[in-house]
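Structure, as structure tokens:
The values are calculated or read from the model by the stated rules, or taken from the named source; none is laboratory data. Note that the structure is a prediction, hence the values are computed from the model and not measured. All Cβ positions, glycine included, derive from the backbone under ideal geometry; neighbour counts span all protein chains shown. Heavy atoms of the whole protein, side chains included, go into the accessibility calculation; ligands, DNA and RNA do not. Shrake-Rupley method; radii C 1.70, N 1.55, O 1.52, S 1.80 Å.
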Amino acid sequence: MIVPILGYLVSTLLLGSFLTWRLGHRSLRRTLNGIASSFAVVIVFRTMLQIKTPDSIWLYDQLPSATRALMLTYF
């Protein structure tokens, strides 16, 4: 439900950090591992598998045009 609002990248990072915390791993190292794993999932889905995910969100509209194009293509 949050993906259309925040986008796939931000939603996946939030979910990864929340699930790490929910499993009881509350140290900074574990949380960063959860975020890094979530980022890896985004990279695999968007770039390697070329699966189209929702990308027309307000956050990308706030970026400069070159950065926006990069984010829409790879993230």
**OP:** Mind listing whichever residues of the range 1-42 are within 14 Å of the chain's Cα centre (by Cα), free of Cβ contacts under 8 Å to residues at least 12 places away in the same chain and surrounded by fewer than 16 Cβ atoms within 10 Å (Cβ to Cβ)?
**Re:** F18, L32, A36, A40
Subject >> Filter pass, S65 being at pLDDT 85 or above and within 21 Å of I5 (Cβ to Cβ) >> reply: no
**OP:** Please enumerate the residues belonging to the range 43-75 that are open to solvent by less than 60 Å² (accessible area, probe 1.4 Å), touching a Gly at 6+ places or on another chain (Cβ under 9 Å) and not in a helix (DSSP H, G or I).
**Re:** T53, D55, I57, F75
